[in-house]
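What follows is a set of notes on a single structure, which appears directly below.
The values are calculated or read from the model by the stated rules, or taken from the named source; none is laboratory data. Fair warning: this is a prediction, and the values are worked out from it, not measured in the lab. Using ideal geometry, Cβ is built from the backbone for each residue, glycine included, and neighbour counts are taken over all protein chains shown. Side chains included, ligands, DNA and RNA excluded: accessible areas come from the protein's heavy atoms. Shrake-Rupley method; radii C 1.70, N 1.55, O 1.52, S 1.80 Å.
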Amino acid sequence: MLSSSSTTVKNLPLKRRLCFLLKLVCFVSSVLIFCEFLIYYVVIFQCRWPDVKGGAHTSEKETSASVLKAIILADTHLLGEIKGHWLDKLRREWQMERSFQTALWLLQPDIVFILGDVFDEGKWSSPQAWADDVRRFRKMFKYPVSTELVVIVGNHDIGFHYEMTTYKVNRFEKVFNFTSGKLVTRKGINFVLVNSVAMEGDGCAVCRTSEAKLVALSHKLNCSQQKPNHSNKGCRDVEKLPASEPILLQHYPLYRKSDAECTGEDSAPPEEKNIPFKEKYDVLSQEASQKLLWWFQPRLILSGHTHSACEVLHAGKVPEISVPSFSWRNRNNPSFIMGSITPTDFSLQKCFLPFESRVFTIYCAAGALLVILVLAHVQLLTPPFYFAQRLISKHKA
């Protein structure tokens, strides 16, 4: 059977074989282009910026101009030289680069926030490895002049509290122009950047400096939100900031017992939801959480770290959104948050990226179809129509 098939293949005209080979190449190329490039456009194109309420006497044009379009993502975990396999690194970085660049091109945000754990091995990487990681990050997350990128520090960037050193913190701050207690104000909206790893409360040098900056910034914001006729001697010489209630951006979530109350398709798996969180490891301590709420009285908190989505209401009025991981290494369904924000209001919408399981399914289906086509071409697999035709002709004979 096999010898007769090989003879048949040799007897096929050269032109016919080349034509078939060309068709196979086109088929494989089409599948690759779709799964590795076009699919990001198809999926992200479906995402829309959420509407945010404007003032009663505000025109549509003025409202649109005053809305800040922000993309928030977290936990990219760029693999390092120690634990990162080259193939895994190549695959994950390509996926994140295509997703990020496609989102920038289609959505055109004003600003992008990355909520920590940019690198996977920043906590122990050598100067050379750190420089290589930074180079790859800048290539993947390059952005146009019309967009601003703000990066928050995470425990994988500088280590957990017991691993954190001034050298690692300064190294991160030098690259990303980040300092804890830094205020980013855009279109009258106040964003407070917090080094949540330094909220240990044990008086360490980095912790002490970080908390001092946060307290000073809290004082400025509180003075700016007071009414003009309010007499407060402590605020007379303080720099006035926009009166908008701040939005906190940090890596660790505020204290919560677990993810048991979290819902949604990208929340933690059922077997993990009831596992109690460890303070100062999975979430901030209760003391540090109360400090941040008391200092800033924020209208919104955005955090990462858990790799899963969750929405929590603190003190019955302050919402916190835990942003899932942006890496397919941590999730089958990564996503990012799209926020339309004004000085007095905000509206958030989640944008899911392509499910890796669906991409894998497309590849498997394409592979199976490819095998069938090849077998049919070399006549090892008889098409059903011709098989039935042969049976009828034999029956007539």
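Here region 75-153 has 59 percent of its accessible surface on carbon and sulfur atoms, given a 1.4 Å probe and all protein chains in place.
Extension gain for Lys23-Thr344 works out to 109.8 nm (0.36 nm per residue, less the C-alpha to C-alpha distance).
Shown are Leu300, Leu18, whose ranking by accessible area with a 1.4 Å probe and every protein chain present, most to least, is Leu18, Leu300.
Counted as membrane-span-like here are DSSP H helices of the chain whose alpha-carbon atoms extend 27 Å or more along the helix's own axis and whose Kyte-Doolittle mean is -1.0 or above; these are 14-33, 86-107, 205-224, 356-377.
Stretching the chain fully between Tyr41 and Gln128 yields a gain of 27.8 nm (0.36 nm per residue, less the alpha carbon separation). Per residue, the convex hull spanned by the alpha carbons of region 16-143 comes to 150 Å³.
Calculate, for region 75-187, the solvent-accessible area per residue in square angstrom, rolling a 1.4 angstrom probe over the heavy atoms of the protein chains. List each step's numbers first, then the result.
Values: 5000 Å² over 113 residues.
Computed with neighbouring chains in place, this is 44 Å² per residue.
Charged side chains reduced to their Cβ positions (Lys and Arg at +1, Asp and Glu at -1) give region 60-159 a dipole of some 300 debye around its Cα centre. For a modelled paramagnetic label at Phe160, 7 Å from Cα along Cα-to-Cβ, the residues of region 250-289 in reach, with backbone nitrogen under 19 Å, are 251-259, 275-289. Using every pair of separate Cα atoms, the Kirkwood estimate puts the hydrodynamic radius of the chain at 24.2 angstrom. Segment Val371..Glu356, full-extension length gain: 3.1 nm, with 0.36 nm per residue of separation and the alpha-carbon distance subtracted.
In this structure region 277-360 gives 40 Å² per residue of accessible area when probed at 1.4 Å with all protein chains present.
Largest mean-square fluctuation among Glu239, Glu97, Glu211, in a Gaussian network model of the chain whose springs join Cα atoms under 10 Å apart, belongs to Glu239.
Here the average projected area of the convex hull drawn through the C-alpha atoms of region 86-179 stands at 6.3 nm².
Kindly rank 317-329, 138-150, 335-347, 155-167 from highest to lowest mean number of other beta carbons found within 10 Å of each residue.
Descending mean neighbour count gives 317-329, 335-347, 155-167, 138-150.
Average projection, convex hull of the Cα set of region 158-283: 10.8 square nanometres. For the set Lys213/Lys240; Lys273/Lys350; Lys139/Lys187; Lys257/Lys317; Lys139/Lys174; Lys89/Lys182, the pairs lying more than 23 angstrom apart at their alpha carbons are Lys139/Lys187; Lys89/Lys182.
Measuring from each cysteine beta-carbon in the chain, the ones with no other cysteine beta-carbon under 4.7 angstrom are Cys19, Cys26, Cys35, Cys364. Within the listed set Phe296, Phe119, Phe34, the Gaussian network model of the chain (springs between alpha-carbon atoms below 10 Å) gives the highest mean-square fluctuation for Phe34. Highest mean packing comes first when the peptides 21-31, 182-192 are listed by Cβ atoms within 10 Å, giving 182-192, 21-31.
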